[in-house]
Amino acid sequence: MTPRPGALLVVGDVVTDVLALHEGPLAAHTDTAARIAVRPGGAGANVAAWAAHRGAPARLLARVGADSADWHRAQLRAAGVDPRLVVDGRAPTAVVICLVDGRAERTLVTDGGASVRLGPGDWDPELLADAGRVHLSGYLFFSEPGRRLAALVAAGAAVAGTPVSVDPASTGFLERLGVAAFRSAVAGAALLLPNEAEARLLTGRDDPAAAAEELSAAHGTAVVKLGGRGALVAQDGKLLARVPAVPAEAVDSTGAGDAFTGGFLAAALAGADPVAAALAGCAAGAEAVRSVGARPPSAGAA
C-alpha cells in the first residue's frame, strides 16, 4: 500500500467519562463500593488520541458544551490531537457513566449532550485539505444532524479521493436506528471496523468470519474486533487473516475498541496493509486495557 500524505481527520464525539470500577455485582437499593474516576472520552476523540499516540497527525471535529470545553481542548492537545471543537452554548458536554466490573468489562449509561447536536453547520471543507484518511465515529449516525454531517463529509472525501472508515460503535443504538438504515448510511465507507457483536447484528450471521467477509464485500475491507481473541481481516469478500491478540492483564476495557481503531488507522496512514494495521491495532488495544480510562495513559487525565 502506498502511504497517503496528510493527517487523519476524525469526525465524532467528545465525552466526559465517569468510570466506576466495582469488584462484585451491583447491589440494588444500597451502596456498592467502587473506585471512581473522571476521564476524557468519546469514541471519536479516543480514536484520534490513540492514532496520535501511534504517530499519526490527527485532528478532531466534535461538539462540546461550554461547561468543559477548555478542559477537553487541553486534554486533546496533551494527547497530540489538533482539536477543532464547536462550543455549544445550549447543551452540556456529553457524559457517559462507565460501570466496569471485576473482569474489566464495561456497561455504559449515556447522555449525548452536545455531541448529538453536531451537524452540517459545524463542517468546514478546509478540514479535508490535507487529510490522508477520514474516520467517522459510529455515534454520528445515531442522530439526524449527525447523519447529514456524515453524508456531507463522505461526499467531500469521495471528491478528494480520501478513504473513509466507520466504526459502528454501539449495538444498542444500532438496534434503535435499524440495521438497514445504518448500512445504507455507511454504504460509501471503504473500511468498516465493527466488534464481534456489531458485525453479527449488521449481517445476521453468527460466524464472525462470515460476517467479516460479507461486510468486506460491501465496503472493500472489514476488520472485526474480537477483544481478547484478536481480530479478523477480510477484503473483497474473502477472509485474509485471523490476527492474534496481544496478551494483557486487563484493568478496564473502556475504549479498547477505539484504541484498536486508532492504532489501525495510524498504521494504515503510514502505509501498512490491512493485516499489518490490524496487528498494530491489537497492540494498541492491549495497551489500552492495562490502565483506567479510554485514552493513552500518557495523554493526561482529570
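Flag: Ala154 matches the condition of being open to solvent by 30 Å² or more (accessible area, probe 1.4 Å) and touching a Gly at 6+ places or on another chain (Cβ under 8 Å).
For the residues Ala151, Ala157, Ala181, the requirement of being in a helix (DSSP H, G or I) and free of Cβ contacts under 8 Å to residues at least 24 places away in the same chain singles out Ala181.
Under the condition of being in contact (Cβ under 8 Å) with a residue 60 or more places away in the chain, of a type in the set (Asp, Glu) and under 14 Å from Ala51 (Cβ atoms), the residues counted in the stretch 245-299 number 1. For the stretch 118-142, taking the residues that are open to solvent by 20 Å² or more (accessible area, probe 1.4 Å) and within 24 Å of Pro194 (Cα to Cα), the one that is nearest to the chain's Cα centre (by Cα) is identified as Tyr139.
Search the stretch 52-70 for residues being buried (at least 24 other Cβ atoms within 10 Å of the Cβ) and touching a Ser or Thr at 6+ places or on another chain (Cβ under 8 Å), and hand back the single one that is nearest to Ser291 (Cα to Cα). Residue satisfying both the conditions and the ranking: His53. For Val38, the stated conditions do not hold, so it cannot be described as at pLDDT 95 or above and hydrophobic (A, V, I, L, M, F, W, C).
Residues that are in contact with a Pro (Cβ under 9 Å, 6 or more places away or on another chain), modelled with pLDDT of 95 or more, assigned to a loop (DSSP other than H, G, I, E, B) and crowded, with 22+ Cβ neighbours inside 10 Å do not occur anywhere in the stretch 241-262. When you look at Glu175, is it in contact (Cβ under 8 Å) with a residue 24 or more places away in the chain, surrounded by 17 or more Cβ atoms within 10 Å (Cβ to Cβ) and not in a strand (DSSP E or B), yes or no? Here the answer is no, as Glu175 does not meet what is asked. Note on the stretch 89-117: residues that are open to solvent by less than 50 Å² (accessible area, probe 1.4 Å), over 16 Å from the mean Cα position of the chain (by Cα) and aliphatic (A, V, I, L, M) total 5. One residue alone among Arg73, Arg147 is crowded, with 16+ Cβ neighbours inside 10 Å, of a type in the set (D, E, K, R), under 18 Å from Asn46 (Cβ atoms) and at pLDDT 95 or above, and that residue is Arg73. The set of residues in the stretch 199-224 that are out of contact with any Phe, Trp or Tyr (no Cβ under 9 Å at 6 or more places or on another chain) and in contact (Cβ under 8 Å) with a residue 40 or more places away in the chain contains only Thr221.
Assess whether Pro83 counts as being farther than 20 Å from Ala268 by Cα, in contact with a Leu (Cβ under 8 Å, 6 or more places away or on another chain) and surrounded by fewer than 19 Cβ atoms within 10 Å (Cβ to Cβ). Answer is no for this residue. Do we have Gly132 as under 15 Å from Ala48 (Cβ atoms), at pLDDT 95 or above, in contact with a Pro (Cβ under 9 Å, 6 or more places away or on another chain) and not basic (Lys, Arg) here? So Gly132 fits the description; yes.
Taken over the stretch 192-240, the criterion of being assigned to a strand (DSSP E or B), of a type in the set (D, E, K, R) and under 20 Å from Cys282 (Cβ atoms) is satisfied by Lys225 alone.
The set of residues in the stretch 213-236 that are open to solvent by 10 Å² or more (accessible area, probe 1.4 Å) and either farther than 18 Å from Ala189 by Cα or among the acidic types (Asp, Glu) (or both) comprises Glu213, Glu214, Leu226, Gly227, Gly228, Arg229, Asp236.
The values are calculated or read from the model by the stated rules, or taken from the named source; none is laboratory data. Please read these numbers as outputs of a predicted model, since none were measured by experiment. As a convention, Cβ positions derive from the backbone with ideal geometry for all residues, glycine included, and neighbour counts pool all protein chains shown. Ligands, DNA and RNA are excluded from the accessible area calculation, which covers all protein heavy atoms including side chains. Shrake-Rupley method; radii C 1.70, N 1.55, O 1.52, S 1.80 Å.
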